Amino acid sequence: MAEETTKQQVVRYAFYQVDPAWRRLPPEERLRGKQEFACVFNEQAEQHLVRAYSTMGMRADCDFLIWTVAWDLETIQRFSARLLDTGLGRYLTTRYSYLAMTRRSIYVKSHRHEGQEGTRTRIVPGEKKYLFVYPFTKTHAWYQLSQRVRQAMMNEHIVIGHKYPNVKINTTYSYGLDDQEFVVAFEADDPAEFLNCVEELRFADARPYTLVDTPIFTCLAGSIDDALANLGG
C-alpha cells in the first residue's frame, strides 16, 4: 500500500460516439450489446478505478466518457480493446482520447481537496454531479520564465481557486505521452460555479501563457447503465 500511494497512476479519458447505424439495429441486439459493454466495464471496476459520464446533449461529436485510472499502460490497453470487442463497441468511434499520469505538483506544496492524497499521485474522484475535462498546453515562453515568476502566477491561480471550494480539480500530466501537456478534470455540483471560476481565471496574469485549452467537455456523472441508456435503444 505504501508503494501505491507514491507510484504514479496512468489516466485515460476516452470519449466515444456511437454510429447512427447502431440505433437501427433490432432492439434485442442493441440491448445485448449494451449488456456486454457494461459487463466488461463492471469487471474492470472491480480491479481499477473507472467512471462513466454521459456527454449526450452536451456535445455533438461524442456521447459518453470512460475515465480510467490504472497502474500501467497495459491495463488501459486491454480494457479499451475489450470494450471495443463487445456488440456495442463494434459501433463505437473513439472521438477523443487523452493519456496522462499523476505526479506531484511543483507549485502546490500543501493544499489538497478533501479525500485527495497530499502527494497528488493518486486520483480520488468525488461524488459530484458534473465533470469538466479539457487538454491543456502552455506556451514555450512559460517554461523560460524563472521558477519565482511562475510560482507567483500560480499562487494567484490558487487564491482564485480557493474562492470556489466546491470545484475540485484533478490535474494529470502528459509530457512526452500525448499531444497535450496536461489534462485537467474539474468536479462540481453547480455548472454556474465552475463557469464563474473559469471566467475569473481568464483575467489572471498566467492567461497569456496558455497555448491550448480546448476542446472542453461537460460530462454528467452516473453509472455505466445510465450512460448507455442515454444512447437510446
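Derivation of every value follows stated rules applied to the coordinates shown; laboratory data play no part. Please read these numbers as outputs of a predicted model, since none were measured by experiment. Virtual Cβ from ideal backbone geometry, glycine too; neighbours counted across all protein chains shown.
Values for this structure:
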quantity: Compactness of the range 130-219, expressed as Rg and Dmax over alpha-carbon positions, Å; calculated: 13.2, 37
quantity: Estimated vicinal HN-Hα couplings, Hz - the range 129-143 in sequence order (Karplus 6.51, -1.76, 1.60; Gly, Pro = x); calculated: 6, 10, 10, 10, 10, 7, x, 8, 9, 8, 6, 4, 4, 4, 6
quantity: Where Cα atoms sit under 24 Å apart: lysine pairs in the chain separated by 8 or more or lying on different chains; calculated: 12
quantity: Kirkwood-Stokes translational diffusion coefficient of the chain, alpha-carbon pairs, 10 °C, 1.306 mPa s, µm²/s; calculated: 84
quantity: Phi to ³J(HN,Hα) by Karplus 6.51 cos²θ - 1.76 cosθ + 1.60 over the range 80-90, Hz, x for Gly, Pro; calculated: 4, 5, 5, 4, 6, 8, 7, x, 6, x, 5
quantity: Packing rank of 179-185, 58-64, where each peptide gets the mean count of other beta carbons within 10 Å, highest leading; calculated: 179-185, 58-64
quantity: Cut-off 13 Å, label 7 Å out along Cα→Cβ of Thr94, residues of the range 55-81 by amide N; calculated: 66-68, 73-81
quantity: For Asp85, Asp213, order by how many other beta-carbon atoms lie within 10 Å, fewest first; calculated: Asp85, Asp213
quantity: Karplus (6.51, -1.76, 1.60) ³J(HN,Hα), θ = phi - 60°, over the range 23-30, in Hz, Gly and Pro reported as x; calculated: 5, 9, 6, x, x, 5, 6, 5
quantity: Nonlocal amide H pairs with Asn170, under 5 Å, H built at 1.01 Å; calculated: Ala185, Phe186, Glu187
quantity: The range 81-109 residues near the modelled Leu211 label - backbone nitrogen below 16 Å, point 7 Å along Cα→Cβ; calculated: none
quantity: Estimated FRET transfer efficiency (Ser105, Asn196; beta-carbon r; R0 25 Å; 0.05); calculated: 0.60
quantity: Peptides 155-167, 39-51 ordered by average Cβ neighbours within 10 Å, highest first; calculated: 39-51, 155-167
quantity: Amide H contacts of Lys129 (H built 1.01 Å from N, under 5 Å, at least 5 apart or other chain); calculated: Ala188, Asp189
quantity: Residue-span extension gain [Asn42 to His140] - 0.36 nm each, minus C-alpha spacing; calculated: 31.1 nm
quantity: Sequence-distant residues sharing a close amide H with Glu181 (under 5 Å, placed H); calculated: Phe136, Thr137, Lys138
